[in-house]
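Working notes for the structure below.
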Amino acid sequence: MVFGRGRKAKQEQLTGPETAQDAAAQEAVADGTATVDGMPAGNAAKTAGRAATGPFDVSEIEAQDGYVDLGALLIAPREGLQLRLEVEEASQRVVAVTMDLEGSSLQLQAFAAPRSEGLWDEIREQIGQSVGSQGGQVEEIEGSFGTELVAKLPAGAADGSQGYRVARFIGVDGPRWFLRGVFGGEAALDRDAAAGLEGLFRQIVVVRGENPMPPRDLLQLRLPKDTAAAPAPQSAPDLEQPERGPEITQIG
């Protein structure tokens, strides 16, 4: 299966004469005061782009059939894909799901978010502070999902030497939710190696639910309801036993 990458939206220039009202509108967009349906215009534009290229909100798909249902996340199956559910020891709740494909990994977490603003700008800053406090380094880069964060954390090698462990963070703000992905393995360093997982990330569907939740609360993940009730289709990903949850990648 071939997965495409979305295009970044480009702002078109006005070709006609500019009125005072046009100028005021552009100024409002530039300084962040313009709104669309109660949302800042910049965020509204990002939301429109995401709705076309994914990840998607559950309201943006026609049917949920064919997905692996993990509660807050619907995952599209793919040959060779393995899913690992990660559990918090204290509460025994599922706090993340990791997709393993072709030697690389992508850890996923979904959070509640405010209706009127996104979380990713603030979260990137906090990740950078966390990595820096552990003696690591971070670099912001522009990727197919917008601004991304590449983190290098000190890690001991098998031969006892000191090296770095690299992780690439991506974040997408949706309608009242925020989805974060963390690439590990070759996908953290090589765009070509990440192509398969990036395609799967674009196909993810977030189920926010209608219940009010404080921003940054984790959306509830769970084992698929029919895991033990029926045999999995041939193309369905393998589900491994839950394991200990994420460490440095937590937010909230």
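The values are calculated or read from the model by the stated rules, or taken from the named source; none is laboratory data. No experiment lies behind these values; they were computed from the predicted model shown. Glycine also receives a Cβ, built like all others from the backbone with ideal geometry; neighbour counts cover every protein chain displayed. All accessible areas refer to the heavy atoms of the entire protein, side chains included, with ligands and DNA or RNA removed. Shrake-Rupley method; radii C 1.70, N 1.55, O 1.52, S 1.80 Å.
Among the residues of region 204-221, those identified as within 10 Å of Phe178 (Cα to Cα) and not in a loop (DSSP other than H, G, I, E, B) are Val206, Leu218.
Residues in region 177-194 that are in a strand (DSSP E or B) and in contact with a Leu (Cβ under 6 Å, 6 or more places away or on another chain): Phe178, Gly181, Phe183. Summed over region 189-207, residues that are open to solvent by 10 Å² or more (accessible area, probe 1.4 Å) and closer than 18 Å to Ile141 by Cα total 6. Residues of region 145-176 that are part of a strand (DSSP E or B), touching a residue at least 12 places away in the same chain (Cβ under 8 Å) and either open to solvent by 30 Å² or more (accessible area, probe 1.4 Å) or β-branched (Val, Ile, Thr) (or both): Thr147, Val150, Lys152, Pro154, Tyr164, Arg165, Val166, Ile170, Val172, Asp173.
Run down Gly128, Gly136, Gly184 and say which single residue is small (Gly, Ala, Ser) and touching a helix residue (DSSP H, G or I) at 6+ places or on another chain (Cβ under 9 Å).
Gly136
Kindly check whether there is at least one residue in region 121-144 that is touching a residue at least 60 places away in the same chain (Cβ under 8 Å), crowded, with 20+ Cβ neighbours inside 10 Å and in contact with an Asp or Glu (Cβ under 9 Å, 6 or more places away or on another chain). No. Residues being touching a strand residue (DSSP E or B) at 6+ places or on another chain (Cβ under 9 Å), open to solvent by less than 10 Å² (accessible area, probe 1.4 Å), under 11 Å from Leu197 (Cα atoms) and touching a residue at least 24 places away in the same chain (Cβ under 8 Å) are entirely absent from region 86-98. The set of residues from region 70-83 being part of a strand (DSSP E or B) and crowded, with 18+ Cβ neighbours inside 10 Å comprises Leu73, Leu74, Ile75, Leu83.
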